[in-house]
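The values are calculated or read from the model by the stated rules, or taken from the named source; none is laboratory data. These figures come from a predicted structure and were not determined experimentally. Neighbour counts run over all protein chains shown; Cβ positions are idealised from the backbone, glycine included.
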Amino acid sequence: MARMTYTAHTARIRLADYQVDDKLGFLPGTDPLRELPKEYGEWDEIGAVMPKHLVMGRGRDLLRNVPPLDTAALRTTAELERAMLLLSYFAHGYLNDTDPPAQILPANIAVPWHTVATRLGRPPILSYASHQFHNWGRFDASRPVELGNLTRLQDFLGGMDDDWFVMVHVAIEAAAAPGLRAMVQAQDAALDGDDELLAERLRHVVTSLGTMQRTLDRMPERCDPYVYYHRVRRFLFGTRNNPAFPEGLVYEGVAAYGGEPQQFSGETGAQSAVIPFLATALGIKHQDDPLNDFMLSLRDYMPPGHRAFIEKVGPRADIRGAVLARRTPAALDAYNECVAGLRDFHQLHLRYAAAYVHKQGQQSASNSNDTGTGGTPFMKYLKLHLDNIAAHTVETG
């Protein structure tokens, strides 16, 4: 079948319009900044020494002295993201320096954090976007964004397990980029009725999903479940559905909140747009349940362009409908392989959720082994979502 018109559809979808990079997907197209402009140098200096203070239980002493610098001079998105990264770490370091956590965040951190978060279109909480998307660098800039060539820019306590957890997720995002491009092209092929090209592009999505899974499968190499749960995880929680923050967190000095405590979800991989976009494009729909509702709410923590990519680009073509209507064997098989790839990725994630969290011995209300860092009752519903994905396999008989 001739391949004549799919590029016209691609022209209508410019990845850059959705904060998506052609080569790195949802990661920024240029490596994140390692330092802010010189007038913000004190923030960079505090970020560099904070892990040593947190290790010794002296983090709050340091962070009380974070200068409340005026953020108006932050001009570029990269500068705002670097500031958001540092301020998010300052806030979560301050709150979690003790157990139970502090219930009031002082104005010197809260006010600039809220201002920067508002400019970026996200809540003032440590989210996946800061923890992963803008928290990496490369040892060798000429080599790919992949494990072995990645370093972390900011951490809480430091150490191999903490860094590896972040770097695996960064590498997964990079591995997802070819699949995002291929899925948009598969949509174009479906719109054009080009089943040969549809099958080919979906097979590229399958390849990308396989690379993502192999990358996730490397998590245990340098991130031990016990160390992750007891050392790393406590800094990642938010204030929503968190018994350690029964009323929420008071952001001192933030006029928009009027002194009222706020509740926001913490950092979680569910704030990545990769899986929601691929599932939406494949026509996979989850039944209504508390986890699905919560997963939808987590889109508020994504960069605005990523949210729009799921909600506007994801459903722009009915790939599942095209496969069911025409039942071209190659396209049908490739579609089922995509569903199987998503299922396998979710299954591995469920296995790690059990090993790294659910099976660990809870010692504090601020580090629940039944609730995810984003505030989700994850074990109860992940299996249901896994089964639902598998149910979307198309019968070939």
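Structure summary
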{"read-out": "Matching residues in the stretch 247-274 - criterion: being closer than 25 Å to A175 by Cβ, at pLDDT 95 or above and hydrophobic (A, V, I, L, M, F, W, C)", "value": "A273, V274"}
{"read-out": "Test: residue in the stretch 180-203 that is touching a Gly at 6+ places or on another chain (Cβ under 6 Å), crowded, with 21+ Cβ neighbours inside 10 Å and within 16 Å of D22 (Cβ to Cβ)", "value": "yes"}
{"read-out": "Any hit, the stretch 261-283, residues being charged (D, E, K, R) and farther than 28 Å from N336 by Cβ", "value": "yes"}
{"read-out": "Scan of the stretch 75-112 for residues that are in contact (Cβ under 8 Å) with a residue 60 or more places away in the chain, part of a helix (DSSP H, G or I) and either in contact with a strand residue (DSSP E or B) (Cβ under 9 Å, 6 or more places away or on another chain) or surrounded by fewer than 19 Cβ atoms within 10 Å (Cβ to Cβ) (or both), ordered by number", "value": "L95, A107, A110, V111"}
{"read-out": "Qualifying residue in the stretch 117-134 (condition: under 27 Å from R299 (Cα atoms), surrounded by fewer than 20 Cβ atoms within 10 Å (Cβ to Cβ), touching a residue at least 12 places away in the same chain (Cβ under 8 Å) and of a type in the set (D, E, K, R))", "value": "yes"}
{"read-out": "Listing of helices (runs of 4 or more DSSP H) fully contained in the stretch 257-367 that carry 1 or more residues being among the aliphatic types (A, V, I, L, M) and without any contact (Cβ under 8 Å) to a residue 60 or more places away in the chain", "value": "290-297, 319-326, 329-353"}
{"read-out": "Residue satisfying condition, being over 14 Å from the mean Cα position of the chain (by Cα) and modelled with pLDDT of 95 or more, within set R326, R307, R299, R316", "value": "R316"}
{"read-out": "Flag if F245 is of a type in the set (A, V, I, L, M, F, W, C), assigned to a loop (DSSP other than H, G, I, E, B) and under 16 Å from W113 (Cα atoms)", "value": "no"}
{"read-out": "Residue that is farthest from the chain's Cα centre (by Cα), among those in the stretch 18-40 that are assigned to a helix (DSSP H, G or I) and surrounded by 13 or more Cβ atoms within 10 Å (Cβ to Cβ)", "value": "Y40"}
{"read-out": "Candidate set from the stretch 136-152 (those that are touching a strand residue (DSSP E or B) at 6+ places or on another chain (Cβ under 6 Å) and in contact (Cβ under 8 Å) with a residue 40 or more places away in the chain); member that is farthest from M50 (Cα to Cα)", "value": "G137"}
{"read-out": "Number of the condition not met by R143 [criteria: (1) exposed (fewer than 15 other Cβ atoms within 10 Å of the Cβ); (2) modelled with pLDDT under 95]", "value": "(2)"}
{"read-out": "Residue count for the stretch 255-279, restricted to those that are farther than 16 Å from S130 by Cβ and either within 15 Å of the chain's Cα centre (by Cα) or surrounded by fewer than 20 Cβ atoms within 10 Å (Cβ to Cβ) (or both)", "value": "13"}
{"read-out": "Those residues of the stretch 194-234 which are among the β-branched types (V, I, T) and farther than 19 Å from Y128 by Cβ, in sequence order", "value": "V205, V206, T207, T211, V227"}
{"read-out": "Leading residue by the ranking (farthest from A182 (Cα to Cα)) among those in the stretch 196-246 that are of a type in the set (G, A, S) and in contact with a helix residue (DSSP H, G or I) (Cβ under 7 Å, 6 or more places away or on another chain)", "value": "G210"}
{"read-out": "Qualifying residue in the stretch 220-236 (condition: at pLDDT 95 or above, in contact with a strand residue (DSSP E or B) (Cβ under 7 Å, 6 or more places away or on another chain) and farther than 20 Å from N96 by Cα)", "value": "no"}
{"read-out": "Qualifying residue in the stretch 219-226 (condition: surrounded by fewer than 22 Cβ atoms within 10 Å (Cβ to Cβ) and in contact with a Pro (Cβ under 6 Å, 6 or more places away or on another chain))", "value": "no"}
{"read-out": "Unmet requirement for G283, which otherwise passes all of (1) surrounded by fewer than 21 Cβ atoms within 10 Å (Cβ to Cβ); (2) at negative phi; (3) of a type outside the set (D, E, K, R)", "value": "(2)"}
